[in-house]
Amino acid sequence: MKILEFINDNLDLVYILILSVFIGVEVIKNIPAVLHTPLMSGANALSGVVIVGAILVMLQADPTDYIALTLGFIAVVLGILNVVGGFVVTDRMLQMFKKKKS
Amino acid sequence: MTITLSIIYLIASITFIFGLKMLGHPETAKKGNLIAAAGMGIAIVGTIFLNNLNVPTFVYGLILTAIAIGTVMGWLIAVKVEMTKMPELVSLFNGFGGASATIIGLVEFSKNVGDTMQTTTTMAAIIIGSITFSGSLVAWAKLNGRMKSLIRLPKYNLINNLVALGLIAFGAYIVYTGTDSLILLYTILVAALAYGVLFVIPIGGADMPVVISLLNSLTGIAAAITGILYTNMVMLVGGILVGSAGLILTIAMCKAMNRSLTSVIFGTFGGSDDAVSGPKSELGDIKSTTASDVAILMNYSQRVIFVPGYGLAVAQAQHAIHELEQLLESKGVEVKYAIHPVAGRMPGHMNVLLAESNVDYDKLAEMDDVNPEFKNTDVVFVVGANDVVNPAAHNDPSSPIFGMPILEVVDAKQIIVNKRTMNPGYAGIENELFYNQKTAMLFGDAKKTIQTLIAELKNM
């Protein structure tokens, strides 16, 4: 019952969730094998969006709650590592694909 | 949250969708990556500066320090690493994302005691985040050789499934009782980390690309879950996009190996226990050959197909093989590369590797296109590939790879297999291809062997 209540209270969230799944599937369908690695790596960088949550942890933490701040700090470092590393690596890979064309 | 921030999140979500879409086409891929990165950038900056929260300045200092540290480290690692180390790097970054989600879940747990829905979300974030973290680290350690390729506990499938069920039950218990016990929280954290390890250690060889894309997908799901926790749309959309994209890729990898997704998640994955004991005695003898013989053979061939595998990546022989290809082409030999979808250790591994050495797109043939061509091929040169050319996939029902589509190299007139030793491949199974009448083994490190071949060919 609680679940149904939650769905009803957060209807737009649930809609977004379901529609995003479909968008994700549609966007990725029929990818040529050449791009499997860059795609995976690019998606990997996108999953670093958790960093937004990590920043919120730090912003919302009580300034005297050093544990939450420390944990948030680590989460931000890890998240941004995922983001920056992921995008840069993907760019490097795609760079190699590109120069062949000339 | 300010209106500006909401709009920024909206824009960022749209860049994610477009970026991912563009990543799927060779011409637009690079731009797509940059667009998604830009979207991520504004989402991060907006989150820091546009929140209407009363935050002391030193917290901003801390956040910016954390971002500076992570950016510099991530950038340096990503720029410096060799292309052959790409699979483990992607795994490592993926693990960091999972760890971040886990930490968020841990911090938010105590704040939300009593709220059933939020506790469910934090539990899910902790469990999924930890599994991807420890699982990705194990994958990373395996890929860079720090860990043995396969470790199988007795009855590992049963154990793993029991641990998984236990985790779910335990999480449900915490949610149901609404406890604020930190001991229980840390216990479930440790249990989930342990499950991640247990899940990945028995997996090896050709299964590695499947597990890597699955872990990738799970990090996305973990990010989406934390998005629900904060009712944050950009996290939700970004996470779900990654989750579903990763799932599609995982399914594509599963198809390439003729496995079902359920068998990947709930066991019978990575082969059966009795896989290693194949009928060894009846295989006959192997023939070994020399580089000069192979050079002569290739020199007088019309059509040659290279079959690259993980061995090529390990030996860093991608430039050498490209040189060999160009040399043969200049002598009027038609050369192609046959790429199996799961060759190497991550989806598309061989494509990236060969792209690095500037091999032409058109020379890379996918499995279904190239298979009918083998019978008109004079020489197949298998470099460091094993399971993807193992005929046991067709004719040995007891083999763990039975039913997996393979490159039909046996149809060719001559098969040359370059391997370092006679050790069985990553999956630990014998390959009767090596004992075939038409096969000759050319032992040695891939790079050195190919360089010798090149030298021999130049002397002709």
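When you check B:Ile63 against the structure, is it buried (at least 18 other Cβ atoms within 10 Å of the Cβ), touching a helix residue (DSSP H, G or I) at 6+ places or on another chain (Cβ under 7 Å), in a helix (DSSP H, G or I) and not assigned by TED's automatic domain parsing to the domain that holds B:Ile212, yes or no?
In short, yes.
Please specify each residue of segment B:77-122 satisfying the condition of being of a type outside the set (S, T, N, Q), touching a Lys or Arg at 6+ places or on another chain (Cβ under 8 Å) and within 19 Å of B:Thr179 (Cα to Cα).
B:Met117 - this is the single residue of segment B:77-122 that is of a type outside the set (S, T, N, Q), touching a Lys or Arg at 6+ places or on another chain (Cβ under 8 Å) and within 19 Å of B:Thr179 (Cα to Cα).
Is there any pair linking a residue in segment B:102-120 that is assigned to a helix (DSSP H, G or I) to one that is surrounded by fewer than 22 Cβ atoms within 10 Å (Cβ to Cβ) and not aliphatic (A, V, I, L, M), with Cβ under 6 Å and at least six apart or on different chains, and which?
Note: pairs meeting the criteria are B:Thr116/A:Lys2; B:Met117/A:Phe6; B:Gln118/B:Asn112; B:Thr119/B:Asn112.
Can you tell me how many residues within segment A:48-64 are more than 7 Å from chain B (Cβ to nearest Cβ) and crowded, with 24+ Cβ neighbours inside 10 Å?
Residues flagged as more than 7 Å from chain B (Cβ to nearest Cβ) and crowded, with 24+ Cβ neighbours inside 10 Å within segment A:48-64 amount to 0.
So which of B:Val175, B:Val163, B:Val190, B:Val200 ends up being of a type in the set (A, V, I, L, M) and crowded, with 24+ Cβ neighbours inside 10 Å?
Criteria check complete, one pass: B:Val200.
Can you confirm whether B:His349 is touching a residue at least 40 places away in the same chain (Cβ under 8 Å) and in the same structural domain as B:Thr449 (by TED's automatic domain parsing)?
Answer is yes for this residue.
Out of the residues in segment B:243-260 that are crowded, with 21+ Cβ neighbours inside 10 Å and small (Gly, Ala, Ser), which is farthest from A:Lys29 (Cα to Cα)?
B:Ala256
Only helices (runs of 4 or more DSSP H) wholly contained in chain A count here; list those with 2 or more residues that are closer than 21 Å to B:Thr65 by Cβ. Outline the logic, then answer.
On the way: elements: A:2-9, A:11-28, A:36-46, A:50-60, A:66-99.
The helices (runs of 4 or more DSSP H) meeting that bar are A:50-60, A:66-99.
Please go through segment B:35-58 and give me each residue that is within 7 Å of chain A (Cβ to nearest Cβ) and either crowded, with 20+ Cβ neighbours inside 10 Å or free of Cβ contacts under 8 Å to residues at least 40 places away in the same chain (or both), ordered by number.
B:Ala36, B:Ala37, B:Met40, B:Ala43, B:Ile44, B:Thr47, B:Ile48, B:Leu53, B:Val55, B:Pro56
The values are calculated or read from the model by the stated rules, or taken from the named source; none is laboratory data. Model, not experiment: these values are computed from the prediction. We place every Cβ from the backbone using ideal geometry, glycine too, and count neighbours over all the protein chains shown.
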